[in-house]
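Trainee: Questions regarding the structure given below will be posed in turn.
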Amino acid sequence: MSFNRKKLVDFLVLPPLNTEKERSYLKRINTITLVLLTIHLPLFGCIAWLNETNALQSMILVVLALLGPYAAFLGLTSQRQISIVMGISTMFMGGILVHIGQGVAQSEMHFYFFAVIPLLVAYKNPLVIVAAVTTAVSYHVIMWTTLPSSIFANEAPLWLLGVHASFLLLQAIPISILARHFYDSTIQLEQRVALRTEEVELANYEIRELLDSVQQGFLKLDCFGRIGSKYSKAVVEMLGEIPASNLFMDLLSGHDKRAAEWFEIGLVEVFAGIMPLELTLKQLPKQIKSDSRFLSLEYAPIIEAGELKHIVVMVSDITALVEREKFEVQSRELMAIIDRIADDKVAFLKFFAEAESLVKRIKDRTTAVNDEIKRDIHTLKGNAACFGLVRIPNACHAIEDYINENNEIPQSNLWTELDQAWSSIRDKIRRLIADTEIKVTLGDDEYSSVLLAILNDVPKSQLVTRVAAWRLEPTRRRLEIIAERITALGGKLGKGVLNVVIEDHELRTDPKYWLSFWSTLIHVIRNAVDHGIETCDERLKQNKPENGTIYLSTSIEGTSYVISVKDDGRGIHWEHLRSSAQQAGLPYESDRDLKEALIHIGVSTKKSVTETSGRGVGMAAVRECCQSLGGSIEINSVSGEGTEFRFVFPVENMAHEMHAILTKYGIANANAITCCAPELIAHATQSTLSF
Amino acid sequence: MISCIRQTSVSILLAIWAAVMAFVCATLMIGHWIPLPAPQVGTRLQIGYISPANDSASWKAFHFLSCECRCSQRILKHLLDREPLQNMDEVIVCIGESDQNCELLSNCKYTVVWVKPEELKSKYNVESAPLLVVLDSDKIIQYSGAYTPRKQGFAIQDVSIISRTRDGESIPPFPLFGCGVSRELRAFTDPLGLKNQ
């Protein structure tokens, strides 16, 4: 019961919160009502005059009824209270009208009440209705209770009063509900909207605070790349003011035009929904350089009801990270350089000299795209990678990408990258190697052995070959370096732990003479690992051992020195090569044509380009190098079984300069210096030398 | 503080205003909301003080009309618009001062009797107007009530009521809505003197 009473009170009494808007509305309605009530004065005077009641008296009564509204209007501050007085006053006006409306229409004058009460809905306050109805009921009750029962006992029964009141109540109840509903659906709704708006504004403020305090840039984009209204302060700090077009592409283009174009194309693909979302998002630019800062761009989709609506872009200043990575790369490079120098100083110095020459040549040719510049860049990239450098190969790769995409010499910034990387490395190398002279170091055994040979008068021809061999380099050392590279590449390319079998046959070669070839050979190695060797899964499916094997060998076959690189991979895809050759306008009819095409510049057997291989430049460089050393290339490939590259040279070229000197001095077995460490002279080995 | 006092004062004034106006409206209602008292049918009407023109007539109709009552004026106008009925002694009892200027009555064909409001009850035992009372030849009231079936309705049915009553038909009296004209009743129905002109 108390609950019902509470509900009734809650229904009748409006919430205390009233907004300025409600006050303004009620003031307007109260003013209108006051005007209308004031109009009753002449109107009722006329009605009274027409009905011959008493115009003056009726106007006096109306003035009395108006006293309340005017007093309330002037004295009360609450517009709701004034409304209630207005409602009461209308009922008094009704009472007066019924009195002055004498005659046949007197009953009809009662309609005034039933017309006015619904109009009070405009106050949107059930209490106004209740007050009005209570007023009407009250003077009925006053009348009934004050009449002397002795006179009216039989004529004024209570039920008549009830009937009279019930009609008013019947009207008042729905009108009150309507008024409350009107209030709920307008004023309270406005209040709720205002409250919600305030909450939203507060939430917005909090979001703004949050967005302004984070160091990352957050912004939301629609399918057209338009930037949403909310974005973090860091966006402006990192990328500048949002452009008038409100397009993210325009914002990006102020820093990196290529990234902006890239983003514009990528965004279409993201929202096209043809490709997987994860893939298309990955294709958007991930990093841009803005002045001296590096900014990373990450993307997150906003999906509603299974449909991509927006993407969130997170911009981070990764300058410090990039600088640190650069430093780490430089440190790694330095360590790699130190390792290489320690392993093979001669080879490294040779690489260094050749690389410097290549860089100079490349820089001199930056006017037009041609095969030479492509080959030089590719060779520099391969050699630098082979010697453990990172920045040079990356810079070369970027230049190659640009040339292949645009068929023109790239912008200066890419050259600057290469230049800076090379300058940095060159300075380090120069500091490390002050003396570039190649020295020969003898072990104790070798020294003792030669000394004894001299003391024992070993023939000059034997001693000469022995000493001459000191400047030669065992091919095993080179093959081992290549083997290391194979192992590293295998891991990097997901080919598992590759087996490398070395057969050097204890051969030796002139390191200076052969250095360029060993450098160039890395292209063959990279092709073998990247193209030839299958992944572990593929190999298992083909009933092959899980890990591939690469055979490296140096041998003498008759009068030829043969360097062989053989893998047990998938073999060359001749049909694809044929197609590539056809597209390149090269002969492709015979096997010989295809082998020629294989090593021709621009023809690659691989469909996609990777950092490692696939451009079709490396093999051309190998051939050129091979030819410059007087050699030729033989290719044997069986589909599914593997490929072997054989590089065949004249045997005297193994130690080209030394062979010429020895021959000049009449040393008959000059070739012996390249075969193995010359055996010590029999009698020399009989003695020992002690220090 | 001043504002609070002002608010309270205004609220008190408004409460007084509402009470007064409620009382005024209540008094204005009397007479058109509750039927006024009329002599009972079957009783004898005190008519000793009247001096009818034809006292021998067997049936009489008395029209009690107040000079200050707007309702009575309507009935009077109606009566004057028709001729008095044949075989019926119709008497207009004008409640008010006899020296009131009433040109309408000066040449009318009805018997007109003037009675002061303070004498009305004592002379006729009547307190309200407009009232139609029909007496038979034994001076017994056969009809005592209003002229119209509804409050101040268009259809003034005095002729029909008189004729049918005379024909022996018992007609339920119409409730009387009008003015309390006797001094005693006026004290209750119009304490503020607003209703009578």
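The values are calculated or read from the model by the stated rules, or taken from the named source; none is laboratory data. From a predicted model like this one, the values you see are computed outputs, not experimental measurements. No Cβ is skipped: glycine too gets one built from the backbone with ideal geometry, and neighbour counts run over all protein chains shown.
Trainee: Sort through A:PRO301, A:PRO285 and tell me the only one that's of a type outside the set (Ser, Thr, Tyr), part of a loop (DSSP other than H, G, I, E, B) and without any contact (Cβ under 8 Å) to a residue 40 or more places away in the chain.
Mentor: A:PRO285
Trainee: On the basis of being at pLDDT 90 or above and over 23 Å from A:PRO474 (Cβ atoms), does A:ASP530 make the cut? Break it down into steps so the answer makes sense when it comes.
Mentor: Working: at pLDDT 90 or above: no; over 23 Å from A:PRO474 (Cβ atoms): yes.
Answer is no for this residue.
Trainee: Could you pull out the residue among B:LEU120, B:LEU135, B:LEU105 that is more than 14 Å from chain A (Cβ to nearest Cβ) and within 12 Å of the chain's Cα centre (by Cα)?
Mentor: After ruling out the rest, the residue left standing is B:LEU120.
Trainee: What's the number of the condition B:ALA38 fails, among (1) within 9 Å of chain A (Cβ to nearest Cβ); (2) touching a Ser or Thr at 6+ places or on another chain (Cβ under 9 Å); (3) modelled with pLDDT under 90?
Mentor: (1)
Trainee: Next question. Conditions first: (1) modelled with pLDDT of 85 or more; (2) farther than 22 Å from B:SER163 by Cβ; (3) surrounded by 17 or more Cβ atoms within 10 Å (Cβ to Cβ). B:ALA19 passes all but one, so which condition is the exception?
Mentor: (3)
Trainee: With the checklist (1) surrounded by fewer than 21 Cβ atoms within 10 Å (Cβ to Cβ); (2) closer than 21 Å to A:GLU641 by Cβ in hand, flag the one item A:VAL524 doesn't pass.
Mentor: Checking A:VAL524 against (1) surrounded by fewer than 21 Cβ atoms within 10 Å (Cβ to Cβ); (2) closer than 21 Å to A:GLU641 by Cβ, the one that fails is (1).
Trainee: Can you tell me how many residues in the stretch B:72-87 are farther than 12 Å from B:LYS109 by Cβ, of a type outside the set (D, E, K, R) and surrounded by 15 or more Cβ atoms within 10 Å (Cβ to Cβ)?
Mentor: Residues that pass the stated criteria total 5.
Trainee: Looking only at residues in the stretch B:1-11 that are of a type outside the set (S, T, N, Q) and at the interface with chain A (Cβ under 7 Å from one of its Cβ atoms), which one is nearest to A:THR90 (Cα to Cα)?
Mentor: Looking at the filtered set, the residue picked out is B:VAL10.
Trainee: Moving on to the next point. Does A:PRO285 satisfy the condition of being out of contact with any Gly (no Cβ under 7 Å at 6 or more places or on another chain), outside the structural domain of A:TYR402 (by TED's automatic domain parsing) and under 21 Å from A:ASP401 (Cα atoms)? Spell out how you get there, then give the answer.
Mentor: Details: out of contact with any Gly (no Cβ under 7 Å at 6 or more places or on another chain): yes; outside the structural domain of A:TYR402 (by TED's automatic domain parsing): yes; under 21 Å from A:ASP401 (Cα atoms): yes.
So A:PRO285 passes the test.
Trainee: Would you call B:LEU14 at pLDDT 85 or above, buried (at least 19 other Cβ atoms within 10 Å of the Cβ) and at the interface with chain A (Cβ under 10 Å from one of its Cβ atoms)?
Mentor: Spelling it out, B:LEU14 is indeed at pLDDT 85 or above, buried (at least 19 other Cβ atoms within 10 Å of the Cβ) and at the interface with chain A (Cβ under 10 Å from one of its Cβ atoms).
This table checks each residue for (1) part of a helix (DSSP H, G or I); (2) modelled with pLDDT under 75; (3) of a type outside the set (A, V, I, L, M).
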site	(1), (2), (3)
B:VAL159	yes, no, no
B:SER170	no, no, yes
B:PRO175	no, no, yes
B:ARG186	yes, no, yes
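Trainee: Would you check if there is a residue in the stretch A:7-18 being in contact with a helix residue (DSSP H, G or I) (Cβ under 8 Å, 6 or more places away or on another chain) and buried (at least 19 other Cβ atoms within 10 Å of the Cβ)?
Mentor: Yes.
Trainee: Considering every residue within the stretch A:103-112, establish whether at least one is at pLDDT below 90, more than 13 Å from chain B (Cβ to nearest Cβ), surrounded by 19 or more Cβ atoms within 10 Å (Cβ to Cβ) and more than 20 Å from B:LEU14 (Cβ to Cβ).
Mentor: Initially, the stretch A:103-112 is screened for residues at pLDDT below 90, giving A:103-111.
Filter once more, so that each one left must be more than 13 Å from chain B (Cβ to nearest Cβ): A:111.
Now restrict to residues that are surrounded by 19 or more Cβ atoms within 10 Å (Cβ to Cβ): none.
Among the residues of the stretch A:103-112, not one is at pLDDT below 90, more than 13 Å from chain B (Cβ to nearest Cβ), surrounded by 19 or more Cβ atoms within 10 Å (Cβ to Cβ) and more than 20 Å from B:LEU14 (Cβ to Cβ), which makes the answer no.
Trainee: Can you report the number of residues in the stretch A:178-199 which are at pLDDT 85 or above, surrounded by fewer than 14 Cβ atoms within 10 Å (Cβ to Cβ) and among the hydrophobic types (A, V, I, L, M, F, W, C)?
Mentor: 0
Trainee: Turning to a different aspect of this structure: Quick one: in the stretch A:200-231, of everything that is modelled with pLDDT under 90 and among the basic types (Lys, Arg), which residue is farthest from A:ILE302 (Cα to Cα)?
Mentor: A:ARG208
Each row is one residue, and each column tells you yes or no for (1) modelled with pLDDT of 90 or more; (2) of a type in the set (Gly, Ala, Ser).
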| site | (1), (2) |
| --- | --- |
| A:GLY254 | no, yes |
| A:LYS257 | no, no |
| A:GLY273 | no, yes |
| A:LYS286 | yes, no |
| A:LYS289 | no, no |
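Trainee: Scan A:PRO126, A:PRO69 and give me the residue that is touching a Ser or Thr at 6+ places or on another chain (Cβ under 7 Å), within 12 Å of chain B (Cβ to nearest Cβ) and buried (at least 22 other Cβ atoms within 10 Å of the Cβ).
Mentor: Only one candidate passes the filter, namely A:PRO69.
Trainee: Pick from the stretch B:169-189 the residues that are more than 18 Å from B:GLU119 (Cα to Cα) and within 11 Å of another protein chain (Cβ to nearest Cβ): which of them is farthest from the chain's Cα centre (by Cα)? Lay out the reasoning, then the answer.
Mentor: At the first step, the residues of the stretch B:169-189 found to be more than 18 Å from B:GLU119 (Cα to Cα) are B:169-178.
Next, from what is left, pick out any that are within 11 Å of another protein chain (Cβ to nearest Cβ): B:175-178.
Numbers: B:PRO175: 11, B:LEU176: 8, B:PHE177: 8, B:GLY178: 6 Å.
So, considering only residues that are more than 18 Å from B:GLU119 (Cα to Cα) and within 11 Å of another protein chain (Cβ to nearest Cβ), the one farthest from the chain's Cα centre (by Cα) is B:PRO175.
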